[in-house]
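Everything on this sheet refers to the single structure shown next.
The values are calculated or read from the model by the stated rules, or taken from the named source; none is laboratory data. What you are looking at is a predicted structure, and each value in this text was computed from that prediction instead of being measured. A quick note on method: Cβ atoms are made from the backbone with ideal geometry, for glycine too, and the neighbour counts reach across all protein chains shown. Remember, those area values only see protein heavy atoms, side chains included, never the ligands or the DNA or RNA. Shrake-Rupley method; radii C 1.70, N 1.55, O 1.52, S 1.80 Å.
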Amino acid sequence: MTVYNLGSINIDMVYRVPHLPKPGETLAAEGFSQGLGGKGANMSVAAARGAAHVRHIGAVGPDGRWAADRLLEYGIDTTHIATSVEATGHAVIYVDDAAENVIVLWPGANGIIDENQIGTALSEASPGDILMMQNETSGQVLAARMAQDLGVRVVYAAAPFDVDAVQAVLPFVDMLVMNEVEAAQLEGALGVKIPDLNVDDVIVTLGANGCRWYQNSTKLETAFGAIDVDPVDTTGAGDTFTGYVIAGLDRGMPMAQAIGLATQAAALMVTRLGAADVIPDLKDIQDMKLG
């Protein structure tokens, strides 16, 4: 089967700092790197490294063709990545000595993805394929509605959290992935508890405490523990987890097995500095003794 990803593509500028900046503070960075990022690109790379066939739907500016080329190098179909007149989206990321981060996003080309482009890409999809999305691009409602009509499973990572965006997409979503802060924001905004959402599967990630899977159609709730590692950088860990879950499901794994694999991938990811370019592949996970 095929995983379609309507996803952001960013240029990540990562600054290593002794602590996260305070308001009004001027802080000297201890290191700098630039690479491929964006929640969408991260998830595409993770799913591809988890052995899924991935087609990315997105856009870059004239300054970002190298980013699309990098995705192609990672085995991702880039046919539906357009070159926009707008500059490529970017993220400024501060990572401190405790591996915590602060991220400032500018959407750029991610915010003006053409609806015809989305329609052309999804016209190739078949029942049983998967569409994954995040909140860093335009065109989410159109894509989700088209996917539902085609019998394509819709997986939605509700980040960065925006209640209006989530409410607009939620009627078409089969599987929802959020962290615990986003889950609390959604419950507060909708006045509905996670187990009562009209979504078949909800995964709430809990950082160092693992995650919870809510199988709402059968009212089952399952907790999964995290793997204890010494973190270096948490950037992209959640995206790695989501991409690997989707890859596992695409390969026919039961949800619990897919979550277990994704937990290993995310644990290995936080021991590395960077985003898409350092997402582990299946061999990395097999070779690394975790937990």
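Figure legend. Inter-residue proximity from the stretch 232-253: first residues without any contact (Cβ under 8 Å) to a residue 40 or more places away in the chain, second residues surrounded by fewer than 24 Cβ atoms within 10 Å (Cβ to Cβ), beta-carbon distance below 6 Å, spacing 6+ or different chains. Indicated pairs: Ala237/Val270.
I'm trying to understand the selection: among the residues of the stretch 252-273, which are open to solvent by 40 Å² or more (accessible area, probe 1.4 Å), over 30 Å from Asp96 (Cβ atoms) and of a type in the set (A, V, I, L, M, F, W, C)? Don't jump to the end; show me each part of the working.
First, pick out the residues of the stretch 252-273 that are open to solvent by 40 Å² or more (accessible area, probe 1.4 Å): 252, 254, 256-257, 264, 271-273.
Those still in the list that are over 30 Å from Asp96 (Cβ atoms) too: 252, 254, 256-257.
Hit for the stretch 252-273 is Ala256, nothing else.
In the condition set (1) of a type outside the set (D, E, K, R); (2) surrounded by fewer than 18 Cβ atoms within 10 Å (Cβ to Cβ); (3) not in a helix (DSSP H, G or I), Pro280 is compliant with all but (2). Quick check on my filter: what residues within the stretch 107-138 are buried (at least 23 other Cβ atoms within 10 Å of the Cβ) and within 16 Å of Asp164 (Cβ to Cβ)? Listed by number, the residues that qualify are Met133, Gln134, Glu136, Thr137.
Return the only residue of Arg70, Arg49 being touching a residue at least 60 places away in the same chain (Cβ under 8 Å), in contact with a Pro (Cβ under 8 Å, 6 or more places away or on another chain) and open to solvent by 50 Å² or more (accessible area, probe 1.4 Å). Only one candidate passes the filter, namely Arg49.
Every condition in (1) open to solvent by 70 Å² or more (accessible area, probe 1.4 Å); (2) of a type in the set (A, V, I, L, M, F, W, C); (3) under 30 Å from Arg153 (Cα atoms); (4) part of a strand (DSSP E or B) is met by Val104 except one, and the failing one is (3).
Of Ala237, Ala223, which residue is over 15 Å from Val155 (Cα atoms) and surrounded by fewer than 17 Cβ atoms within 10 Å (Cβ to Cβ)?
Values: Ala237 fails: surrounded by fewer than 17 Cβ atoms within 10 Å (Cβ to Cβ).
Selected residue: Ala223, the only one of Ala237, Ala223 that is over 15 Å from Val155 (Cα atoms) and surrounded by fewer than 17 Cβ atoms within 10 Å (Cβ to Cβ).
Within the stretch 1-44, how many residues turn out to be aromatic (Phe, Trp, Tyr) and within 13 Å of Gly274 (Cβ to Cβ)?
In the first step, residues of the stretch 1-44 are kept if they are aromatic (Phe, Trp, Tyr); the result is 4, 15, 32.
Still in the list and also within 13 Å of Gly274 (Cβ to Cβ): 15, 32.
The number of residues fulfilling the criteria is 2.
Taken together, the residues in the stretch 19-46 that are surrounded by 24 or more Cβ atoms within 10 Å (Cβ to Cβ) and part of a loop (DSSP other than H, G, I, E, B) amount to 1.
I'd like to check something: does the stretch 161-171 contain any residue that is surrounded by fewer than 19 Cβ atoms within 10 Å (Cβ to Cβ) and touching a Lys or Arg at 6+ places or on another chain (Cβ under 7 Å)? No - not one qualifying residue is present in the stretch 161-171. Of all the criteria given as (1) within 24 Å of Thr240 (Cβ to Cβ); (2) of a type in the set (D, E, K, R); (3) without any contact (Cβ under 8 Å) to a residue 12 or more places away in the chain, the one not satisfied by Glu100 is (3).
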